[in-house]
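In what follows, a single structure is set out as structure tokens and then discussed.
The values are calculated or read from the model by the stated rules, or taken from the named source; none is laboratory data. If you're wondering where the values come from, they're calculated on a predicted model, not measured in any experiment. Cβ coordinates were reconstructed from backbone atoms using ideal geometry, including for glycine residues, and neighbour counts include every protein chain displayed.
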Ligand code: ADP
């Protein structure tokens, strides 16, 4: 089993964070960033001090999902640390705020960039740091999990992609690192129209999955045009509509991380 390398050498910028929560998926496009951002703003709405680390270097979505005043990360040149930007009180770091265009990088370079962003950022005192993980369970993800002392993981999937083998990969990676997988979020599972509920991807085998892997919580998120529109507008849905059923689901998720 992989040995956590953070033991005894926790990066100083991470030392005053109580909980580090990874939001992870096996594939891209399943709504991982949507879940990460809305979870973070839900926790902030509950009064917690929160940061988001967008570790999706290949496709950073945080810059389109939030509207911070400054869209470029500042450096403290004396301490050689990165100062997060901020939106509605949540601290934000993303490669998309690093002032570089999307680059073509090989795996080890990506790992290097992620580690540098994560470990040289001065996060300050936080109750939660939510990490929007790069999709997949390869070396990049493993390295990241070894640098950050994760306290919990949330796995996001969609019904048609809710293949045992995929979720199993995620669970296996986190269990190797002794990180508890606290919830699976089954995204885009249904939508309501004309008074009826439709399951466009079929009914997910969510409950089977959580049973089989002993994951304590399963949450369903519907397909909701406002969820994607809010992602594009820069105001997370749980901020613009804090009393919707979706916002309540995020509050329940917030309680279990
Ligand atoms: P990932 O991080 O897994 O690549 P994103 O969170 O970026 O996925 O979501 C992919 C796209 O799907 C985005 O345009 C997002 O707004 C949209 N989306 C995600 N979840 C939902 C949902 N439940 N209803 C409608 N659109 C969604």
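Observations on the structure shown:
- Residue selected from the stretch 13-31 under the condition within 15 Å of the ligand (Cβ to nearest atom) and in a loop (DSSP other than H, G, I, E, B), by the criterion nearest to residue 158 (Cα to Cα): 30
- Close pairs (9 angstrom Cβ cut-off, 6 or more residues apart or separate chains): closer than 16 Å to residue 252 by Cβ in the stretch 220-232, outside any helix (DSSP H, G or I) and near the ligand (Cβ under 6 Å from one of its atoms) anywhere: 220/187; 221/31; 221/187; 221/188; 222/187; 222/188
- Pairs with Cβ under 7 Å, 6+ apart, first in the stretch 121-148 and farther than 22 Å from residue 98 by Cα, second part of a loop (DSSP other than H, G, I, E, B) and within 15 Å of the ligand (Cβ to nearest atom): 136/26; 137/26
- Among the residues of the stretch 199-257, those identified as within 22 Å of residue 88 (Cβ to Cβ), surrounded by 17 or more Cβ atoms within 10 Å (Cβ to Cβ) and more than 16 Å from the ligand (Cβ to nearest atom) are 254, 257.
- Checking each residue in the stretch 170-192 for being farther than 21 Å from residue 248 by Cβ and within 14 Å of the ligand (Cβ to nearest atom) picks out only 170.
- For the stretch 178-187, the set of residues classified as more than 16 Å from residue 209 (Cβ to Cβ) and either surrounded by 18 or more Cβ atoms within 10 Å (Cβ to Cβ) or at pLDDT 95 or above (or both) consists of 179 only.
- Subset of the stretch 188-198 that is at negative phi and surrounded by 17 or more Cβ atoms within 10 Å (Cβ to Cβ) - its residue that is modelled with the highest pLDDT: 190
- Residue in the stretch 67-74 that is within 16 Å of the ligand (Cβ to nearest atom) and over 18 Å from residue 125 (Cα atoms) present: yes
- Odd one out for residue 38, checked against (1) in a loop (DSSP other than H, G, I, E, B); (2) farther than 20 Å from residue 98 by Cβ; (3) touching a helix residue (DSSP H, G or I) at 6+ places or on another chain (Cβ under 8 Å): (1)
- Taking residues in the stretch 25-52 that are free of Cβ contacts under 8 Å to residues at least 12 places away in the same chain, and partners anywhere that are away from the ligand (no atom under 13 Å from the Cβ), the pairs with Cβ atoms closer than 9 Å and at least 6 places apart or on different chains are 47/127.
- Within the set 179, 210, 171, the sole residue that is touching a helix residue (DSSP H, G or I) at 6+ places or on another chain (Cβ under 6 Å) and over 14 Å from residue 31 (Cβ atoms) turns out to be 171.
- Looking only at the stretch 32-58, and only at residues there that are farther than 18 Å from residue 169 by Cβ and at pLDDT below 95, the one that is farthest from the ligand (Cβ to nearest atom): 57
- The criterion of being buried (at least 19 other Cβ atoms within 10 Å of the Cβ) and assigned to a strand (DSSP E or B) does not hold for residue 171.
- Filter result (modelled with pLDDT under 90 and closer than 22 Å to residue 15 by Cβ) within the stretch 81-116: 111, 112, 113, 114, 115, 116
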